[in-house]
Amino acid sequence: MSDFPDPDEEYELMYADELELLRDINESDDSNAVKRKQLPAKRSLDFSSPVINKTQITQGSNDIVSFNNSQPISQSLQPLDDYLTPKNASNKRTADDLFGDINDIDFEDIELPSKRQKTEEENDLELINRILESRKLKQSLLEPSRVKNDFQPTYLSKENLSLNIPRWPFMPLTNSDGQRIYVKLESEESWDSSLGITDQTSLHSTFAKAWEEARRVLEEKQNQKPEEAEQPIQVLETDANNNLLLEKYRPQSYLDLLSEEPVNRALLHWLHLWDKIVFNKEVKTSEPQQRNSFSKRTGQFQLTNKWKGKKEVEPEIDEDGRPHHKVALLCGPPGVGKTTLAHLLAKISGYRPVELNASDERSVEAFRSALQAATLMRSVLDKDRRPNCLILDEIDGAPLPTVELLVKWCTATVAEGKKKAKTHPLRRPVIAICNDLYATSLRPLRSVALVIQVGGATSERVVRRLSRIAAGERVAAAPRTLAALAARAAGDLRAALHVLALVRARVGAAGRQLKMEDVENAAIGTKDCHKTLMQALQAVFTVNDQNPDEIMKTIQAAGEYDRLVDGIFENYLSSRVDGRLLVACETMSWLRLHDTVSSWTMRTQNYSLYSLLPLCVARCHAVLATRTPLRVKFPMQAQEMYRKRQELECILQSVYAGCAPSVALSRNSLQLDVLPLLPYLLSPKLRSANVQLCSESERRSLTNCAAAMCDYGLQLVPRRQPAGLFALELEPDVYKIAFFGNEERARPPPALRQAIAREQQLEMIRRNEEMMTKGSGKENTKEGKLKSDKEKSKEFMEARVPNHLQRLQPKILEKKSQQVHKDFFGRIVPISQVQRSDAVPDVISSSSVFYQYREGFNNAVRRSVRTRDML
Amino acid sequence: MESKTETEGGVPEWAIVELQGLIQTKKESLEGPTVVGDLHYYSRNHHPVLILGHHVLNGKEVKLDQPMAVIEKVNASDKTEYKVRAVVKKKILFKSRPKPIISNVAEKV
């Protein structure tokens, strides 16, 4: 690259390619016409040059006539410019554009040429040359080893790439334009030899060497670490008989905490927000700067959005001087140190932690009293009289009313507290701890609490801690062993410590070193976390390279093999490209086996084969697992289909139960023969919904429809639509049985439905009347023998009077016989005498004048009367 | 409706009886003066009570806004003169619904 062609040559170089291709694309062996280009690697696919070739061809053919040297190069060629060495000096671009950042070159010794002395073109050329030279010099100074390699094999793209099928061995490729390109194949040796790469300089060998060295250094460092570790943790002497490592090495200071720094800070910050109300100290509301950056940097940990969001908008302290969130909710997997964190931070902040956990009674009453005791009272026994900090461990196990009580307690403000004697405003921090943040009982609490998610400690920190503990316990353990232990615990420090204790108990007597096998053979310590169905399903469809046997554990942890198989069944077709359905066949065979075993197990209640079920799923995993991430859908279809089927069966049952005896059939034939065709009968073709305008045949079809509806006990019932209007709907809906899915098309239009409904009601009345007349007719035939024909017919006629024409006749009262008065001795007293004795002359009742009251106001009409009218 | 007399400085004072309703008779024709009803005053509170047919009406006395005079026109041979027969200063108003008097309870049935 040191020698640069003069402009003429350069022009040729630039456009030779196109010219050449225009003449004859494949034929030339002309080395002149080839760019000095280095292929980056043998098999790397370089599409840029053919693409450019093509564009150049078209461009060249268009512009070749008008092109001259000074013309600026069109846009499409610019990628090429970056690729090729700067030959287009004519282009009016700055040196920066061409060379990128040229600030690394010291221009002091390169005197920039003045423009007046030479033509612009020449200036540029010179500048280019100088820059290139100085850069090369600089590079050679920086990396002397590369000088050797600097002579680089030149590769001719002309020779290696072709647009037609070449004679040499090749590999066909298709570029993004769909054009076929043929790349020359070469043997690896020839390539290596052409590159001049020896074994010493090859990338692989250096990497392996560096890797070895790095590993050695790391191991040395790790070996040193235990010794140089800060200080051996001070062991509590008081409980010497307490053998639990967990208790012994519980963190004693903030620095001992293994959980993530941002988590610790968030909780500590929140605890300090209580300072004003608890300790009467002013709280600095400005937050530590690091916290933010920390949470941003570590992707694993994050504060909830609520916290982040509210930080800007809402003040952290409300008007009573209490923090905005009255409760902190720590959540995370078991054993990561949530309880430890809460206790330690409470202690650090000057509180006396009061713990209430699942072993305590958690009825509402007990909880209330505990809450009152913790938040309103103060310990008198404690010598420094610290305020309480209530720690509610495993709150997700508490019943919902208890959590609701807590929420009510927390949200009560000072003002409310004054009014109601029962609820006092919370004046002490409450830390709730849970494993499952999304437990149903926690729903009310989540919205009011500051949610802090505690992740597991990182593996390195766990290893470091374990090695310290091992040193403290005088257990010799290789760093590798401890690393394996930590990996096994997956962030669960408690489990890791238990395993360590167990292994120590086993090994300690022998006094030998803790070995890898001890850790691996320990039965406990693997995280007994419950896998959800979706996790298991995802695991089935992904290849697990690290631990291929993990799938069995995952499946068994998830349980619910039926749902899992449902999930596989719903997703197996989308997992792998399976043109010949071999994968599908294999999967189906395993699923079938699962079904067989499962149904046999259920039928006979014999669980001897039950352990076969997860194996079927694991086999499906072996068939289906892919590396491409698959979006697994939750198995809903089976449930959905089951629900649909129930619905249809209900419809069928109600039709079956409701159909008239005259058309009664077996259920099966009703389902298969009648119902599929019934909708055609039920939607008569009428030209208009007005029955009066219909032709005779249309009316007949309408009558038929109504009769069919009566026969099968169908009704059109007005039903409220989501839009708010009422529409007539068929009840039971036989359309759903007859058509699967597209039944809406077959339904008659709403107007017609009304006509049908009316017709059906008429038909029902008609039938009822018919029934009635039939019934009374029968009675008559029974009694008829006793009666004369005439009477019979008359009665028949009477009975024929339809219901709505019958009128009730008033019942005639019998006249009472005159009451006979008798005297004391039983002699009949004549009536006249009786009346006479009672007949007192009654002035009032006999008065001829009577009064008729007029309701209303008597001043409604006023009329003025004048004196002169009276005179 | 009117009339009831009382004396005051020579000129008798009458009162208007105002009824909300109609006084009707069972007889077709009235010959001579007819007893319409009895007007009483409760001794205790001096509220008027009118017994009309088989109804008892409770009323009250209302002072008229403007007193009236009952004048009789007397046509003497040469001149016409008006004689004040009475002065009306108040009216007795019966506007409440009448209560029936059940006098003749039916015999035991």
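Proximity of backbone amide H atoms, modeled 1.01 Å from N, is registered between residue A:542 and A:626 at under 5 Å, excluding neighbours fewer than 5 places apart on the same chain.
Which of the trypsin sites (Lys or Arg not before Pro) found in the range A:679-774 are loop residues per DSSP with 13 or fewer other Cβ atoms within 10 Å of their Cβ?
Values: sites: A:685, A:687, A:699, A:700, A:719, A:720, A:736, A:745, A:753, A:758, A:766, A:767, A:774; in loops: A:685, A:687.
Listed in order of number, the matching sites are A:685, A:687.
Accessible-area rank, largest first, for A:276, A:408, A:822: A:822, A:408, A:276, with all protein chains present and a 1.4 angstrom probe. Taking all protein chains together, A:812, A:181, A:348 sort by accessible area into A:812, A:348, A:181, largest first [probe 1.4 Å]. The dipole here belongs to the range A:686-726: it is taken about the Cα centre, uses +1 on the Cβ of Lys and Arg and -1 on the Cβ of Asp and Glu, and is about 180 debye.
Rounded, prolate or oblate: which one fits the range A:428-510, using the alpha carbon gyration tensor with axes a ≥ b ≥ c (rounded when a/c is under 1.5, else prolate when a/b beats b/c, else oblate)? In terms of gyration-tensor shape, prolate. Take residue B:79 and residue A:210, extend 7 Å from each Cα along the Cα→Cβ direction, and tell me the distance between the two endpoints in nm. Once both label points are built, they end up 15.4 nm from each other.
Using DSSP to define loop residues, name the trypsin sites (Lys or Arg not before Pro) in the range A:431-475 whose beta-carbon has at most 13 other beta-carbon atoms within 10 Å. Qualifying residues, ordered by number: A:474. Which FRET efficiency, nearest 0.05, do residue A:562 and residue A:626 yield, Cβ-Cβ r, R0 30 Å? Result of the calculation: an efficiency of 0.80. Take residue A:855: with every protein chain present and a 1.4 Å probe, its accessible area is about 150 Å². Given a 1.4 Å probe and the protein chains as shown, residue A:870 ends up with an accessible area of around 140 Å². For the range A:565-655, the share of accessible area belonging to carbon and sulfur comes to 59 percent (1.4 Å probe, ligands and nucleic acids excluded). Applying the Karplus relation 6.51 cos²θ - 1.76 cosθ + 1.60 with θ = phi - 60° to the range A:617-623 yields 3J(HN,Hα) values of 5, 5, 5, 4, 4, 4, 7 Hz, where x marks Gly and Pro.
Amide H contacts of residue A:181 (H built 1.01 Å from N, in plane; Pro and chain starts excluded): A:173, A:174, A:175 sit under 5 Å, all sequence-distant by 5 or more or on other chains.
Report the gain in length on full extension from residue A:139 to residue A:691: 0.36 nm times residue separation, minus Cα-Cα distance, nm rounded to one decimal.
188.8 nm
Chains B and A together bury roughly 2300 Å² of accessible surface, counting both sides and using a 1.4 Å probe on protein heavy atoms.
On average, how many beta carbons from a partner chain sit within 10 Å of the beta carbon of a residue in B:90-98? Before the final figure, lay out the partial values.
Numbers: counts 0, 0, 0, 1, 3, 5, 1, 2, 4.
What the average comes to for B:90-98 is 2.
Quick check: from the Cα gyration tensor, does the range B:24-93 come out rounded (a/c under 1.5), prolate or oblate? Oblate, because a/c is 1.5 or more while a/b does not exceed b/c. For the range B:76-96, backbone nitrogen atoms closer than 14 Å to the point 7 Å from residue B:69 Cα along Cα-to-C-beta are found at B:81-89. Take the Cβ atoms of residue A:165 and residue A:193, set R0 to 30 Å, and the FRET efficiency comes out at 0.65.
Taking all protein chains as they are arranged and a probe of 1.4 Å, the heavy atoms of residue A:867 leave approximately 90 Å² accessible to solvent. Among the residues of B:10-23, the average count of other protein chain beta-carbon atoms within 10 Å of the residue beta-carbon is 2. Extension gain, residue A:443 to residue A:740, is 102.9 nm, computed as 0.36 nm per intervening residue step minus the present C-alpha separation.
Spatially, the range B:13-89 and the range A:319-352 are offset by 98 Å when compared through their Cα centroids.
Modelled spin labels at residue A:611 and residue A:726, positioned 7 Å past Cα toward Cβ, are 6.6 nm from each other. Considering only A:374, A:336, A:350, the residue lying farthest towards the positive end of the dipole of the range A:325-374 is A:350, judged by Cα position with unit charges set on Cβ. Extension gain, residue A:506-residue A:553: 0.36 nm per intervening residue step, less the Cα-Cα distance, totals 14.3 nm. Paramagnetic label reach from residue A:804 (point 7 Å along Cα→Cβ; backbone nitrogen cut-off under 17 Å): within the range A:742-760, residues A:757-760.
Taking the accessible area of the range B:14-91, probe 1.4 Å, and keeping the other protein chains in place, the carbon and sulfur fraction comes to 51%.
Which order do the peptides A:174-180, A:803-809, A:653-659 come out in when sorted by mean C-beta neighbours inside 10 angstrom, highest first?
A:653-659, A:174-180, A:803-809
The values are calculated or read from the model by the stated rules, or taken from the named source; none is laboratory data. These numbers come from a predicted model, not from an experiment. Reconstructed Cβ throughout: ideal geometry from the backbone, glycine too, with neighbour counts over all protein chains shown. Keep in mind that these areas ignore ligands, DNA and RNA; they rest on the heavy atoms of the full protein, side chains included. Shrake-Rupley method; radii C 1.70, N 1.55, O 1.52, S 1.80 Å.
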